[in-house]
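Comments concern the structure below.
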Amino acid sequence: MKALSLACLCVGFALSPLVAVPVQAQGAVFQTSVSPLPDEDLASDRYELTLTDRQRAIRGVWVIFDRGRDILQIYGDAEVRAFAQRHDLALLLPFHCRAKSGTDGDLNMDPAKGIGRALVAALSQFAELSGHRELASARLILLGFSGTGSLVGRFAGYAPDRVVTVVATHPGHNPRGLETIADNA
């Protein structure tokens, strides 16, 4: 799989804070954005949440971090959505824009620098919008490719009470690769 960087969708997009779009008779797609705090290394971001069945309680959230067309295809794949429906999982796609500094235009792969707080805040917003209060505290399955492979590994240390599983696919991101994660992080 080739790591293709999706163009930053922050520039010029006008996304209302919370939007719901029907997927099918029983499912729904929601979108939100979270404003970065001044001390966070996050220019801005947005999120898309898919519920495959609005009537059923959510048992967890499968987070698939955006890293280009290939990952977008995984998020939209019919078999992935069927798996999510069978296991009562919501699907979350964070569209993250570049960090404000120090990453050569990529994301800051340290969740404590903004992405972690923003993702948790987005889930709280989705809990309110969708009526699925369980989203605010749902356990997370994290999938990250390339640099976000390093991010998901760090996220397990950032929110150990929330993370159930980390899938780090081809996690290379110098100088912050998996080999730089401390045992207690």
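Looking across segment 50-82 at every residue that is part of a helix (DSSP H, G or I) and among the β-branched types (Val, Ile, Thr), the one that is farthest from Phe155 (Cα to Cα) is identified as Val80. Pairing each residue of segment 36-65 that is within 22 Å of Arg162 (Cα to Cα) with any residue that is part of a strand (DSSP E or B) and aromatic (Phe, Trp, Tyr), provided the two are 6+ apart or on different chains, yields C-beta distances under 6 Å for Arg46/Phe95; Leu49/Phe30.
Scanning segment 156-185 for residues that are under 19 Å from Lys113 (Cβ atoms), at pLDDT 90 or above and part of a strand (DSSP E or B) yields one hit, Val163.
Looking at (1) over 18 Å from Leu89 (Cβ atoms); (2) of a type outside the set (Val, Ile, Thr); (3) crowded, with 17+ Cβ neighbours inside 10 Å, can you tell me which one Ala122 breaks? So the condition that Ala122 fails would be (1). In segment 154-173, the residues that are under 15 Å from Gly144 (Cα atoms) form Cβ pairs under 7 Å with partners that are of a type in the set (D, E, K, R) and not in a helix (DSSP H, G or I), at six or more places apart or across chains, as follows: Arg154/Asp110; Val164/Arg139. Under 6 Å between Cβ atoms, at least 6 apart or on separate chains: pull out the pairs that start in segment 88-108 with a residue that is on the phi > 0 side of the Ramachandran plot and end on any residue that is at pLDDT 80 or above and not aliphatic (A, V, I, L, M). Hits for this filter: Asp88/Arg56; Asp88/Arg59.
The values are calculated or read from the model by the stated rules, or taken from the named source; none is laboratory data. Please read these numbers as outputs of a predicted model, since none were measured by experiment. Quick reminder, even Gly has a Cβ in these numbers, built from the backbone with ideal geometry, and neighbours come from all protein chains shown.
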